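Let me begin by presenting the structure, written as structure tokens, before commenting on it.
The values are calculated or read from the model by the stated rules, or taken from the named source; none is laboratory data. These figures come from a predicted structure and were not determined experimentally. Methodologically, a virtual Cβ is constructed for each residue, glycine included, from the backbone with ideal geometry; neighbour enumeration extends over all protein chains shown. Areas reflect the complete protein model, heavy atoms only, side chains present, ligands, DNA and RNA absent. Shrake-Rupley method; radii C 1.70, N 1.55, O 1.52, S 1.80 Å.
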Amino acid sequence: MTEEIRELIEKFALQNAVKYRSAPNHGAVMGKLMGERPDLRPRAREIAPLIASVLRDIEQMSPEQWEARLREIAPELIEEIGARKEPAKGLQPLEGAEGGVVMRFAPNPNGPPTLGSARGIIINSEYVKMYGGKFILRFDDTDPVNKRPMLEAYDWYIEDCRWLGAEPHEIVAASQRVEKYYEVAEELIRRGGAYVCLCEQSAFKALKDAARACPHRDHTVDENLDLWRRMLDGSFKEGEAVLRVKTDIKHKDPAIRDWAGFRIVTKSHPLVGDRYRVWPLLDFESAVEDHLLGVTHILRGKDLIDSERRQRYLYDHMGWVYP
Ligand SMILES: [Zn+2]
């Protein structure tokens, strides 16, 4: 009888040890035993030294030995541990990723990386490791005024990617690729997907909120191309003209209606100085870059769902497929 009880104690103690990867305490084993075998409760005083003796042996063993021994005397208890394990953690599978992925982490370097940045870097780069492909670090640094980039921060992001084991396969700074966005803007105008708007900001907002088009929306392609060139050559002052992407002026969400893709900014940029005076806004720049870089999957917070809704109009005008 004592031998049988001793064996039960050993099974439960080993199961506990394997499950938590540490030697169990006396109370846990006693509790388990009494729970499984209520008939033994009157004999607890007699059983306590048996538990102490078994635990002394178990403490001498390694986790590998616990598992081997448990497999030998009670393989069913190992299966029980497996079945009770928590659901698989880690990254969810990505749809359409089997052939490899191109993913990017795209910060604005207007300050040092944060814990949130670390999360973005790790999740994107881990997916690239999981499926194969390319991890891109892209600086969305095209706002020299409100989100003015810090020159030192570019290197901080690169260093932190490396420190997190996420060496980028490619590093690009949007501010050095503005000509590419100009080319897309011109093509977009030719396709009738954008127009130069000369409204004062408040006047446009009033029209937009009333779901009404401004007078510039009906300009011809040639008129728009001419106005766009004048934006670029300095004929307009800051705030006098923007290039708008045509959406649905009656869209139920005013934030989606004919959003601004480019504006005039005369303040010099920390990285490229005075090279440009017409700058893309974030939704335009990141939409175009995701296409140019061949990005296949974008991970973003719910707060950026509007961005995707706006950007889809641009993709549709251009005949591109949204990542
Ligand atoms: Zn207008």
The base-10 log of I(q)/I(0) that the Debye equation returns for the chain at q = 0.09, 0.16 Å⁻¹, one scatterer per C-alpha, is -0.63, -1.26
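I'd like the Kirkwood hydrodynamic radius of the range 1-150, using the inverse of the mean 1/r over distinct C-alpha pairs, in Å. Provide the component values of the computation, followed by the final result.
Details: mean 1/r = 0.0500 Å⁻¹.
Its Kirkwood hydrodynamic radius stands at 20.0 Å.
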Would you kindly compute the Cα radius of gyration of the range 1-79 and its largest Cα-Cα separation (Dmax), both in Å?
-> 11.7, 35
Work out, step by step, the length gained on full extension between Met150 and Gln176: first 0.36 nm times the residue separation, then minus their alpha carbon distance; give nm to one decimal.
-> 7.9 nm
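Give the carbon-plus-sulfur fraction of the accessible surface of the range 101-318 in %, rounded to a whole number; probe 1.4 Å, heavy atoms of protein chains only. Intermediate values should be presented prior to the final figure.
Numbers: 5130 of 10400 Å².
That share works out to 49 percent.
Would you please put 30-41, 194-205, 89-100 in order of how densely packed they are, using the mean number of other Cβ atoms within 10 angstrom per residue and starting with the highest? Intermediate values should be presented prior to the final figure.
On the way: 30-41: 13.5, 194-205: 17.4, 89-100: 9.9.
Most protected by this proxy first, the peptides run 194-205, 30-41, 89-100.
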Tilt of helix 151-163 relative to the longest C-alpha principal axis of the chain, in degrees (0 to 90, nearest 10)?
-> 30
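Using only alpha carbon positions, build the gyration tensor of the range 234-281, then give the equivalent ellipsoid semi-axes as the square roots of 5 times its eigenvalues, largest first, whole angstrom.
Values: eigenvalues 144, 26, 10 Å².
For the range 234-281, the ellipsoid semi-axes come out as 27, 11, 7 Å.
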Rounded to 10°, Cα long-axis angle of helix 178-190 versus longest principal axis of the chain = 60
Per residue, how much accessible area does the chain show when a 1.4 Å probe rolls over the protein heavy atoms, in square angstrom?
-> 53
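How compact is the range 88-174 by the rule of thumb for globular proteins, expressed as Cα Rg over 2.2 N^0.38 Å?
The reported ratio for this selection is 1.13.
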Report the percentage of all Cα-Cα pairs in the range 168-227 whose separation exceeds 14 Å, rounded to a whole percent.
-> 65
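Restricting to Cα atoms and excluding each atom paired with itself, what does the Kirkwood estimate give for the range 168-276 in Å? Before the final figure, lay out each step's value.
On the way: mean 1/r = 0.0668 Å⁻¹.
15.0 Å is the Kirkwood radius here.
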